[in-house]
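The values are calculated or read from the model by the stated rules, or taken from the named source; none is laboratory data. Predicted, not measured: the structure shown is a model, and the values here were computed from it. Positions of Cβ are generated from backbone atoms using ideal geometry, with glycine treated the same way; all protein chains shown enter the neighbour counts.
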Amino acid sequence: MLLEATQVAIERGDRRLLSGVDLSVTAGEIWQLVGANGVGKTSLLRGLAGVARLGVTGEIRHATAVLYMGHASALKLGLSAVDNLRWHPAGDVTTSAGQICEALSAVNLAGYEYRPVGALSAGQQRRVALARLLLSDAPLWLLDEPFTALDVAGCEWLEACVRGHVNGGGATVFTSHQPSRFGALQQDLDLGQYAV
Amino acid sequence: MTSPADVANPLLFFFMVITLFPLGLGPDPARLATLAPGVLWVVALLASLMVSAKLFASDFEDGSLEQLALAPYPLAVTALAEVSAHWLATGFLLALVSPIFGVMLGLPEEGLLTLLVSLLLGTVCLTLIGALGSALTVNIRRGGLLLSLLIIPLNVPVLIFGTTAVREAVLGGNPESWLALLGGLALGSVVVVPLAIGAALRVSLDS
């Protein structure tokens, strides 16, 4: 069991978005949170990750470290890609410059390692952020709209990356408006039924 | 706090305002000297306010704050580390160069060392208070006015202790007791304010 959430309710400001959400994620599973805009997908994911705490009630337990990626890429535009990837809370192990360059060339950014991230395009910045997936050893990935701003090849790379992670004993929970990217491998959690 | 402009801005602001004062008030050295402690301290306060008020803004916007919140140590510790780095690049430098600006305003020699020490201690408080304001208003669009209303009153005691210390030193009085009060405030702030910043960041991340 990598993540166990029971009877989770999410409030935002003074408005209750979701209540009674149950989700348990075990190794090898891919979960997609689906629902209309504004239903609370991002809020739930932030709650599951532990970013937001005050508006979250119910029980959320992680067995292990979590890698969370939000809408914002958490990149400093003035720093190079390598400097940006040097630290991340989900990768407590220190990564060497060699490992980082390897991860960057895996996301097709060889040659951009030491350019300031601000000089890259939106899609390339997204790729830099996604390179964190390769550098982290966290078994549970929580990804908020990971396919945004990626081109077709990028989406395919990310799909393969998630599949590889899950086959290696990890698990992924993600949000997306594109249906069933992972076919039979994934399970959907429709948040519409928990909406208040 | 990575671009050189962020470090240079408060120093440049300090320099420009201090050079404007003799132009506005007239070059009479005696009058400048009596006004110097207050002027130097007020300008230092504004320079510090200007930069520390935006301390967490970029971290909030680019999502780094979310990641810091997930790090395996309390947010208060992260906040203290960030504020310390910020202080070294702003308040500390401001205090170090302040004697030069003191000379520019004709502050008597006896006051220069006290000015330096009082600003070293005082900017610790100012930076921490500014960071607290920044943490509280980081998710409010155009929170600038609210921020000033929140933190200027908290800065007043620091300003009073600081200017009084410098004035006492110039008049040959006893600046040590005022510096001791400032030191007490600084130490107290270092212990208490990061906890408040951590809690404020949690609230800001939540909405």
_Among (1) touching a Leu at 6+ places or on another chain (Cβ under 8 Å); (2) away from chain A (no Cβ under 14 Å); (3) closer than 22 Å to B:Asp6 by Cα - the single one B:Thr78 does not satisfy_ = (2)
*Can you name the condition, by its number, that A:Ala153 falls short on among (1) outside the structural domain of A:Arg46 (by TED's automatic domain parsing); (2) surrounded by fewer than 15 Cβ atoms within 10 Å (Cβ to Cβ)?*
(1)
*asked:* For the condition hydroxyl-bearing (Ser, Thr, Tyr), away from chain B (no Cβ under 14 Å) and surrounded by fewer than 16 Cβ atoms within 10 Å (Cβ to Cβ), what is the one hit in A:Thr6, A:Thr64?
replied: A:Thr6
*Since A:His88 meets every condition but one in (1) modelled with pLDDT of 90 or more; (2) in a loop (DSSP other than H, G, I, E, B), which condition does it not meet?*
(1)
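Condition check: assigned to a loop (DSSP other than H, G, I, E, B), assigned by TED's automatic domain parsing to the domain that holds A:Gln186 and of a type outside the set (S, T, N, Q). Does A:Pro146 satisfy that? Walk me through how you get there before you give the answer.
Numbers: assigned to a loop (DSSP other than H, G, I, E, B): yes; assigned by TED's automatic domain parsing to the domain that holds A:Gln186: yes; of a type outside the set (S, T, N, Q): yes.
In short, yes.
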*Determine whether the range A:73-82 contains at least one residue that is in the same structural domain as A:Leu45 (by TED's automatic domain parsing) and more than 30 Å from A:Ala27 (Cβ to Cβ).*
no
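From A:Val25, A:Val107, A:Val34, grab the single residue that is out of contact with any Pro (no Cβ under 9 Å at 6 or more places or on another chain), in contact (Cβ under 8 Å) with a residue 60 or more places away in the chain, away from chain B (no Cβ under 14 Å) and surrounded by 14 or more Cβ atoms within 10 Å (Cβ to Cβ).
Working: A:Val107 fails: in contact (Cβ under 8 Å) with a residue 60 or more places away in the chain; A:Val34 fails: out of contact with any Pro (no Cβ under 9 Å at 6 or more places or on another chain).
The unique qualifying residue is A:Val25.
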*For the range B:31-44, name all the residues that are under 15 Å from the mean Cα position of the chain (by Cα) and either surrounded by 22 or more Cβ atoms within 10 Å (Cβ to Cβ) or within 10 Å of chain A (Cβ to nearest Cβ) (or both).*
B:Leu40, B:Trp41, B:Val43, B:Ala44
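Hey, any hits in the range A:42-60 for a residue that's away from every other protein chain (no Cβ under 14 Å), over 21 Å from A:Leu185 (Cα atoms) and of a type in the set (Val, Ile, Thr)?
No: the range A:42-60 contains no residue that is away from every other protein chain (no Cβ under 14 Å), over 21 Å from A:Leu185 (Cα atoms) and of a type in the set (Val, Ile, Thr).
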*What single numbered condition from (1) facing chain B (nearest Cβ under 8 Å); (2) part of a loop (DSSP other than H, G, I, E, B) fails to hold for A:Val39?*
(1)
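Could you list all residues from the range B:80-103 that are more than 16 Å from the chain's Cα centre (by Cα) and under 19 Å from B:Arg202 (Cβ atoms)? It would help to see each step written out before you state the result.
In the first step, residues of the range B:80-103 are kept if they are more than 16 Å from the chain's Cα centre (by Cα); the result is B:81, B:99-103.
Scanning the range B:80-103 gives a single hit, B:Ala81.
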